[in-house]
Amino acid sequence: MDSRNSDVIRLAKLIGRTANAVAIRLTNFAAVDPYHQARGIKGMDGGRKQCQPIWDEFVENRESLLFESERILAEKENLTLEEKFEGLFRDIKDLKGETKIREVKMRINQNVFRQIVLSNYSTKCAVSNIDIPDLLVASHIIPWAVNENERLNPENGICLSSLYDKAFDKGLIGITEQFSVVISKDLKMNANKDYYQKYFAELENKKLLLPIRYLPKKEFLQFHLDTVFSKRNN
């Protein structure tokens, strides 16, 4: 949120404001974010009051407003969404109408969610410390299809390598409210195999690499243990 931050400077140029003005606005938005409130971020009284209703609207409607923010940003950059996110749409170029619009919105939102989650974990797998972006996934704790309201919540995301993302998604591993990894009975049935010893044996009770901002929400982790992980432990 510093006025010397290169992203702040770039945004300021795009919207025709000073970097200092943008930094102040960001601080005021942070002051209404519960995470930053807990860190003691105060902001300015007048600015905070202006930001509160915008923040509330966004939190209640993340999917539409995150997409809208990306559309406006692309417009400021003199780009279309198709140009800015070209790689996301190659396989849906023949879709038409509402079907294409829904798919475009979903892919852009998922892409932004991935950026947020990877940044939150310093672009490292929270289990293995792998730091190759192409091998990392923004893994949802509560699955995407289960809760629309939490799809884009950074507290519902963990940065995992592709292997551990799949294991987490299928309930073969879980994460406790103390941020420790647990291994399912189904997976432990393979304990005598080389790949288990190589990739899973050391995970039991291993502490998660914690993010720099938004911790995984404990209620979400418990939901995963109760509804996804538990299926592999009966």
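Okay, here's what the table says:
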| read-out | value |
| --- | --- |
| Selection within segment 90-106 - modelled with pLDDT of 80 or more and surrounded by 14 or more Cβ atoms within 10 Å (Cβ to Cβ) | Glu103, Val104, Lys105, Met106 |
| Any hit, segment 35-43, residues being at pLDDT 90 or above and part of a helix (DSSP H, G or I) | no |
| Test: residue in segment 46-69 that is farther than 26 Å from Glu150 by Cα and either loosely packed, with under 15 Cβ neighbours inside 10 Å or under 19 Å from the mean Cα position of the chain (by Cα) (or both) | yes |
| Tally, over segment 168-211, of residues that are closer than 29 Å to Asn120 by Cβ, aliphatic (A, V, I, L, M) and either in a loop (DSSP other than H, G, I, E, B) or more than 20 Å from the chain's Cα centre (by Cα) (or both) | 9 |
| Search result, residues across segment 126-177 that are over 18 Å from Leu208 (Cβ atoms) and of a type in the set (Gly, Ala, Ser) | Ala145 |
| Residue list for segment 195-225, filter: acidic (Asp, Glu) and modelled with pLDDT under 95 | Glu202, Glu204 |
| Residue within segment 79-87 that is touching a residue at least 24 places away in the same chain (Cβ under 8 Å), in contact with a helix residue (DSSP H, G or I) (Cβ under 9 Å, 6 or more places away or on another chain) and hydrophobic (A, V, I, L, M, F, W, C) present | yes |
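The values are calculated or read from the model by the stated rules, or taken from the named source; none is laboratory data. This structure is a prediction, so every number in the text was calculated from the model and none was measured. Here the Cβ is made from the backbone with ideal geometry for all residues, glycine too, and neighbour counts use every protein chain on show.
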